[in-house]
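Bear in mind these aren't lab numbers, they're just calculated from the coordinates by the rules spelled out. This is a predicted model, so every value here is computed, not measured. For neighbour counting, all protein chains shown are included, and Cβ atoms are generated from backbone atoms with ideal geometry for every residue, glycine included.
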Amino acid sequence: MKPTVVLFIAAFLTASSVLAQEKRIYRPEDTTRAKELNEVVVTATRTERKLANVAVPVRVIDQRTIQQAGSLRLRDILQEQAGLYMTNGFGTGVQMQGLNPDYTLIMVDGEPLVGRTAGVLDLNRVAVGNIRKIEIVKGPSSSLYGSEAMAGVINIITDNSFKKRLNTGFRYGFGNPDEGWALPGSRKSFDNIDFSLQGSTTIHKLGIQFFSDANYLDGVSFRPFSTERVPQPIWRLTNQLQLNYRISQRTKAGFSIRHAYDHIKQEFAVSNNGAVTNSYGREANKDLNSNGVLVHQFSDKIKTTLRLYATAYNGSQVLKFKEIPDSVYDDEFRQHFYRAEDQTDISWEKATLTLGAGYAIDQVNSTRYDDVNSRKQNTIGFGFTQYEWSPAEKLTVIAGIRYDDNKLFAAAVSPKLALRYTVSKKLSLRASAGRGFKAPDFRQLYLNFTNNAAGGYSVFGSIDAVKIIDELNRLGQIAEIKEDYSKLKQLAPEYSTGLNAGGTYTPVEQLSINVNLFRNDIENLIDAREVAVRSNGTQIFSYINVKNAYTEGAELELQWQWNKYFRVNGGYQFLYTADKADLKRIRSKSVFTRDENGYSRLLERREYSGLPNRSRHMLNLKLCYDDQSSFATFRAIYRGKWVVSDADGNGVYNSHDEFASGFVLFNLSAGRQFKNGIRLQAGMDNVLNYRDINNLPNLPGRMFWLGAQFKLIP
Amino acid sequence: MKNTIISVLALAVVFTACNKDKTITTPADPNAFKVSVSGKIVSVKNLPADTIVGLVGGQPVGVGKYAFFNLRTNTWVANTDSASANWDLAFSGSTIRINAGTSGPGTGGAFVWVGSFDNLASVPADSVFKTDNYPAYAITKGSGKGWYSYDGATNLLNPIPGRVLVIRTGDGKYAKVEILNYYRGGVTPSASATDEVKTSEQRYYTFRYTFQSNGTTTF
């Protein structure tokens, strides 16, 4: 370890112990745990409920946790949560309960973010500087939220306080992974700069709040024969304005507009066997969300919420190659999503009935489909209901169902049932079963792609595939129709049936243990399959509902308030996954692998590794000192090995395949709040400078950062 | 001249004799072409099958020649002998030809059997041998279709375990062949190896086979 690192850790530990000597009276009700149980969450039931009374697994990340970790983007804070796995490729996605990023709904203030690439919504798109809390609901939640809420829901709740204040924050980070390559123009170090401004006030009945954030990040060139930096220099701007108007004692109106803009400069040289190619271009992503909410309390018992939402996402990329004239890679993707919905909650003494209905329009224009000017549109009409009932003081039952009618593909019905039982003051149990779905995306419906660079194969979306192939066949350009061609039909949504069961045990006030067992059975997964072969031998692929898989495992969470100042949080996830077709093939003894001599032998069931890119073990640990004015944290993230490629060629991931090594990340931070409103913070991310160029290209090396926040209006 | 050679040989003998108790063995080059026989099983290592010589339009290419192999004599056959029945398998890149049909004048044939090499005791009675009919081959080309699987994400090609090539030789006898590896030294490069490595190391066949010389279908 380098001297700077050692010094930093020493300073950190000294500061922590000095600060700890300041004695105060310890009261158990001060514990974060006690506060947390009183915390009100909204995502689990779409109604405000105390976290302690919720029947499904929910995790809340509060503002203080986000600030103390020094997180800037959503990825930074989610990676420190138990059981959430950050995926690489098309940005950083989140894998929840072993399901791909496609199957987790990500919302800001209850409204979904759109603009996914290959199913991934890049978590770096979201700045976390004005977030009050993040609620994570695990298990299918389509009964309330519709498509995408298959593995769970992440709801980012922005700060909604309208007291008079004006804050500004600045953070500078510097990383130097000590490596560089000979190619001129390579970068060995990286910078990360962040500036934010946040203010709010209330004028008469009108609450106003704004948030602005500018972030710059560049990466290092860590591949040989390339000056490309990972990431390429990127500017990210976020602006948000929120208005809140109290029309009357019973009626409230809110309006929010959020604009996020990313700009990536592409300029790099790649050397291939001595021949250098210079690429240059840019990528720009714009995200605009606006929503209006009207809440009216008819009486103590009846409340209705009308929500209107419009969002536009525009991603474009242009890349040119200097040495190859007329070579332009031009990609454009524009998505518009509009939704109107109303939710009415009727409460009795022991029960709450929720009724909701709405209509949504989803539109996409993209160069990835036949024509960027041709707009693809789906319309969705939906209705949902939920009944929450407490027949006895200790028992809560929630039953809900939602129906989504789609113009482009089959309708979806999503039921859910959840139970919560308080055994004693120390023990409570919960169980839930639900169905989640994900609508086929526009890519699966409309893609029209021929890869001329790699042999000329084509992929057609399911809507036009039959038409295109039949036309080619008529022209005599089809050599062979494959068996899967007959399965081409209107795509159905992908479904999952999720079971979650567990409980919370609090043997003493300071200690809380949370256990959750889960199983998700996923049906109808959409996969690209070869459906025909052209006369020139090139393959044609399209999308079919074919795959069935499951994920199952256990989550364990532990929170321990050692004394007034020190706290320990730990999380662990154990995960098993399988493609059911793989299991069938293994059982029928038709899958082989190789022994130490390279000779074939039957693959055994116990050697099967399941779906790729999943770790069996994941662990998070956080030690925290906090005396309200000073704090220090030490966070560790462990992710076990995961399979990355089918090295033995048998088409099934198993223990003889190539795995990425497991790794540990250590992050440190410390800070102090001064009386004059200044807050200073310093930290070090990835202390051990762990890097894996091939499997974790999004993971930067060790970074030191310093931050300051000022209250401009005291 | 002759004397010099003799004296060198003599020296060599003396040298060898002197070192008898601590035998000098030059380490066998793991990348060299080699045929070894162990009982009924013949092992072939590093048979170069039109290895990469350069890039054309960004795609790696060889010179376009096949490596011909005779399973009866366990020998690599010269290209000049290609128009005869003196070979049984011809390798070029991932293409394997048999000596029949559009590929050669022999009476060859082949099909791919699913199972382990040891478990194939004889050619099954209901077997259908195919011959090459360009552009189709008895040993089907394409990832997952014949003997190999190609991973487009890693650009690596691996023989599918549990695939036995049942071969009718150029003279109508039978052999069973298991392809073990497609890279030099019999080791597939790591997924994270550079494209340069993946390109230069490929197209070297390591395989094993059993040939039944008496003309019966039993191995």
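List of remarks:
- Neighbouring partner chain Cβ atoms per residue of A:623-631, average, 10 Å criterion: 0
- Label-point separation in nm, residue A:280 to residue A:554, each point 7 Å along Cα→Cβ: 5.8
- Extended-chain gain in nm, criterion 0.36 nm per residue less alpha-carbon gap, residue A:38 and residue A:235: 67.0 nm
- For the residue pairs A:164/A:438; A:482/A:580; A:320/B:198; A:564/A:675, the C-alpha atoms sit more than 32 angstrom apart in A:164/A:438.
- Added length on full extension, which subtracts the Cα-Cα distance from 0.36 nm per residue, residue A:711 to residue A:370: 117.5 nm
- Residues of segment A:596-631 with amide N under 15 Å of a point placed 7 Å along Cα→Cβ from residue A:508: none
- Loop-located trypsin sites (Lys or Arg not before Pro) across segment A:523-607 with a Cβ neighbour count of 14 or fewer within 10 Å are A:589, with loop assigned by DSSP.
- Nearest-20 debye value, the protein assembly as shown charge dipole, Cβ charges on Lys, Arg, Asp, Glu: 1840
- The mean count of C-beta atoms from other chains within 10 Å of the C-beta of residues in A:146-155, rounded to a whole number, is 0.
- Take each residue in A:639-651, count the other chain C-beta atoms within 10 Å of its C-beta, and the mean is 5.
- Over all pairs of different C-alpha atoms, segment B:31-212 has a mean inverse distance whose reciprocal, the Kirkwood radius, equals 16.5 Å.
- Taking a point 7 Å out from the Cα of residue A:429 in the direction of its Cβ, the residues of segment A:500-541 whose backbone N falls within less than 16 Å of it are A:500-506, A:514-518.
- Cα gyration tensor, chain A - rounded (a/c under 1.5), prolate or oblate: rounded
- Pairwise FRET efficiency - residue A:191 versus residue A:672, Cβ, R0 = 22 Å, nearest 0.05: 0.35
- Candidates A:120, A:475, A:106 compared by Cα position along the dipole of chain A: farthest toward the positive end lies A:106, with charges placed on Cβ.
- Each 10 Å bin from 0 upward holds the following percent of the Cα-Cα pairs of segment A:306-398: 14, 25, 20, 16, 12, 8, 4, 1.
- A Förster distance of 30 Å, applied to the separation of the beta-carbon atoms of residue A:63 and residue A:246, puts the FRET efficiency at 0.80.
- Over the Cα atoms of segment A:601-714, the radius of gyration divided by the Kirkwood radius equals 1.21; this is the Rg/Rh ratio.
- Dipole check for segment A:372-465: with +1 at the C-beta of Lys and Arg, -1 at the C-beta of Asp and Glu, and the Cα centre as origin, the magnitude is about 440 Debye.
- For residue B:112 and residue A:607, a Förster radius of 22 Å and the Cβ-Cβ distance give a FRET efficiency of 0.40, rounded to the nearest 0.05.
- Computed label-point distance, nm, for sites residue A:566 and residue B:29 using a 7 Å Cα→Cβ extension: 6.4
- Residues of segment A:679-714 with amide N under 16 Å of a point placed 7 Å along Cα→Cβ from residue A:208: A:713
- Rounded to the nearest 20, the size of the Cβ-charge dipole of segment B:31-212 about its Cα centre is 260 debye, with Lys and Arg at +1 and Asp and Glu at -1.
- Among the trypsin sites (Lys or Arg not before Pro) in segment A:159-244, those placed in a DSSP loop whose Cβ has at most 13 other Cβ atoms within 10 Å are A:163, A:164, A:205.
- For segment A:359-434: rounded, prolate or oblate by the Cα gyration tensor [a/c cutoff 1.5]: prolate
- In the protein assembly as shown, taking the dipole from charged Cβ atoms about the Cα centre, the farthest positive-side position among A:203, A:490, A:354 is held by A:203.
- Filter on A:138/A:265; A:205/A:711; A:252/A:350; B:34/B:176; A:376/A:489 - keep pairs with C-alpha separation over 28 Å: A:138/A:265
- Taking label points 7 Å from Cα along the Cα-to-Cβ direction, residue A:597 and residue A:389 give a separation of 6.8 nm.
- Sequence-ordered 3J(HN,Hα) estimates for segment B:193-210 from the Karplus curve with 6.51, -1.76 and 1.60 and θ = phi - 60° stand at 5, 6, 4, 4, 5, 4, 6, 6, 8, 7, 6, 10, 8, 10, 8, 10, 7, 10 Hz, glycine and proline given as x.
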